[in-house]
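These notes are about the structure you will find just below.
The values are calculated or read from the model by the stated rules, or taken from the named source; none is laboratory data. Only a predicted model underlies this, so the values are computations on that prediction, with no experimental measurement involved. With ideal geometry, Cβ positions are generated from the backbone for all residues, glycine too; neighbour counts draw on all protein chains shown.
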Amino acid sequence: MGAGRESAAGPGAAAARHTGYQGREGAGPRVTRSSGSPVSPIAPVASERLLIRPSGPLRGTAVVNGAKNAALPIMAACLLTDEPSIIERVPHVTDVVTMIEILRQLGVSVSFADGRLSVAPGRYTGTAAPYDLVSRMRASVCVLGPLLTRQGKAQVSMPGGCVIGPRPIDLHLKGLQALGAAFTIEHGYVVGTASGLRGGRVQLGGAFGSSVLATANVMMAATLAEGVTTIEQAACEPEVVDLAHCLIGMGARIEGQGGPVIRVEGVSRLRGAHHRIIPDRIESGTLMIAAAMVGGDLTLEGARAEHLGAVIDKLAEAEVVIEKLDSALRVRAAHPPRAVEITTLPFPGFPTDLQAQMMALMAVGRGVSVLTEKVYPERFMHIGELNRMGAAITREGSSAIVKGVERLSGAPVNGSDLRASAALLLAGMCAENQTELTGVEHLKRGYQNLEEQLVRLGADIQRIS
């Protein structure tokens with residue numbers, strides 16, 4: 001998380017074990033169905049591609065959509081109560097549609113239209129989240145904690161998501177075991193049982209830092225556990241804080257969110273939620289980097305400076321002008337960026353979910369940049385595709401050395417995952433000639449309307465089949 005530290009791929013991704021991480025009104029078809037009816041899909045087609053031509057400066061205002069890395073755990077939190085919940089500013093992305101299908105599979109009634117999600121759990125009886133849904137995205141593991149604390153059992157397929165390195169769910173299981181749950185792995189499913197969870201001391205530090213989704217899972221489970229739970233080495237990401245605020249609004253007793261130690265005092269029941277999702281800091285950062293790449297004057301309505309401190313600092317170091325407004329950020333850039341050194345870290349460090357986009361920016365920077373990936377050290381699948389466009393990037397272990405070039409050259413490229421696809425889209429905007437991007441179905445996993453936003457601001461992008 002991270003969201004948020006994030007998750008893209010199809011069912012084949014589920015075969016690999018990965019670590020927990022983590023990532024709106026507007027374009028896209030509406031989804032309004034009763035429980036049991038099929039959800040209207042966003043319908044990304046694998047054969048679709050984007051034709052991207054050189055862009056002039058971006059000018060105008062973009063409204064930042066809700067954060068999908070916050071929305072997904074909050075949707076799972078609706079399982080903690082039998083009362084109806086209303087969640088607003090929910091992005092219409094494929095991961096949200098998948099989570100809707102998981103909730104319905106469990107017997108929950110869900111409707112979704114114009115960024116407003118209505119969830120009516122009632123006395124749902126389902127406890128199984130099946131492979132065909134869970135394999136599509138990693139955040140689906142977030143139903144594990146709510147199901148265990150509410151139903152006493154859960155059967156969740158091993159999760160999928162972006163193929164960006166090892167991300168085992170061990171921390172989720174370890175944390176829930178500390179509260180009294182027991183687990184077995186059977187036929188590709190995590191099968192959990194709990195005869196009443198009890199508060200305890202949970203440590204969630206992993207090899208690459210804290211886990212956003214494990215923190216979310218344990219925090220949700222602890223809200224209805226007997227006694228007090230102390231979560232140490234908790235993730236500090238804004239998406240975790242947003243979940244905590246939603247749970248507190250439901251009647252949970254939580255303190256310390258946003259810091260490394262979270263304390264949860266269990267209660268006997270929770271009421272329904274009425275919550276508005278925070279703006280997506282990764283979408284904000286992607287648009288900020290887009291303006292830095294092609295120049296212009298861009299205002300991002302809803303972007304929160306307090307969620308983007310490390311990004312703002314690095315862009316300012318690259319000589320991009322960032323102005324903090326009352327409820328927006330203004331981004332101005334008029335010349336190629338200066339090279340900077342970046343190390344991705346859990347919040348408040350530089351987010352791993354913007355590493356690929358920042359690498360695309362540094363590919364046309366002045367000087368030599370070093371980008372070190374401390375969250376997912378194998379998250380470099382975009383290097384080869386950027387080099388196909390004329391970038392000069394070499395990998396040394398968990399670092400990428402980027403020698404800035406004067407210009408990129410359009411080429412056929414393929415996005416391997418959500419953020420890699422976004423990076424290649426931005427690279428195409430500042431490249432000579434035309435870039436043809438495949439793998440664009442990944443974009444709809446985390447961006448509601450990225451290409452439409454960019455076109456409105458002045459980019460030349462065409463989607464074709």
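Take the conditions (1) of a type in the set (Asp, Glu); (2) within 20 Å of the chain's Cα centre (by Cα); (3) more than 17 Å from TYR131 (Cα to Cα); ASP82 misses just one of them, which is (2). When the range 305-321 is filtered for residues that are surrounded by 19 or more Cβ atoms within 10 Å (Cβ to Cβ) and touching a Lys or Arg at 6+ places or on another chain (Cβ under 9 Å), the ones remaining, listed by number, are HIS307, LEU308, VAL311, ILE312, ALA318, VAL320. Give the residue, chosen from GLY302, GLY266, that is over 30 Å from GLN151 (Cα atoms), touching a strand residue (DSSP E or B) at 6+ places or on another chain (Cβ under 7 Å) and not hydroxyl-bearing (Ser, Thr, Tyr). Among GLY302, GLY266, only GLY302 is over 30 Å from GLN151 (Cα atoms), touching a strand residue (DSSP E or B) at 6+ places or on another chain (Cβ under 7 Å) and not hydroxyl-bearing (Ser, Thr, Tyr). Here the condition is being in contact with a His (Cβ under 7 Å, 6 or more places away or on another chain), modelled with pLDDT of 95 or more and on the phi < 0 side of the Ramachandran plot; of GLY285, GLY249, GLY266, GLY309, it holds for GLY249 alone. Of all the numbered requirements in (1) closer than 27 Å to GLY115 by Cα; (2) polar (S, T, N, Q); (3) in contact with a Pro (Cβ under 9 Å, 6 or more places away or on another chain), ASN433 misses one, and that requirement is (1). Within the range 335-351, is there a residue that is within 24 Å of ASP297 (Cβ to Cβ) and at pLDDT below 95? The answer is yes, given that some residue of the range 335-351 is within 24 Å of ASP297 (Cβ to Cβ) and at pLDDT below 95.
Listed by first and then second residue, the pairs linking a residue in the range 270-287 that is under 24 Å from LEU418 (Cβ atoms) to a residue that is aromatic (Phe, Trp, Tyr), with Cβ atoms under 8 Å apart and 6 or more places separating them unless they lie on different chains, are GLU283/TYR447; THR286/TYR447.
Which one of these is surrounded by 22 or more Cβ atoms within 10 Å (Cβ to Cβ), within 25 Å of the chain's Cα centre (by Cα) and among the β-branched types (Val, Ile, Thr): VAL413, VAL370, VAL455, VAL402? Explain how you work it out, then say what you get.
Numbers: VAL370 fails: surrounded by 22 or more Cβ atoms within 10 Å (Cβ to Cβ); VAL455 fails: surrounded by 22 or more Cβ atoms within 10 Å (Cβ to Cβ); VAL402 fails: within 25 Å of the chain's Cα centre (by Cα).
Step by step, each of VAL413, VAL370, VAL455, VAL402 is checked, and only VAL413 is surrounded by 22 or more Cβ atoms within 10 Å (Cβ to Cβ), within 25 Å of the chain's Cα centre (by Cα) and among the β-branched types (Val, Ile, Thr).
With ALA70, ALA46, ALA76 as the choices, which residue is within 22 Å of the chain's Cα centre (by Cα) and modelled with pLDDT under 95? Steps first, please.
On the way: ALA70 fails: modelled with pLDDT under 95; ALA76 fails: modelled with pLDDT under 95.
Result of the check over ALA70, ALA46, ALA76: ALA46.
Among the residues of the range 243-262, none qualifies, meaning not one is in the same structural domain as CYS78 (by TED's automatic domain parsing), more than 24 Å from LYS153 (Cβ to Cβ), surrounded by 15 or more Cβ atoms within 10 Å (Cβ to Cβ) and of a type in the set (D, E, K, R). Evaluation of THR81 against the conditions (1) at pLDDT 95 or above; (2) closer than 25 Å to GLU301 by Cβ; (3) in contact with a Gly (Cβ under 8 Å, 6 or more places away or on another chain) shows that the sole unmet condition is (2). Scanning the range 209-242 for residues that are surrounded by fewer than 24 Cβ atoms within 10 Å (Cβ to Cβ), farther than 20 Å from GLY349 by Cβ and of a type in the set (S, T, N, Q) yields one hit, THR230.
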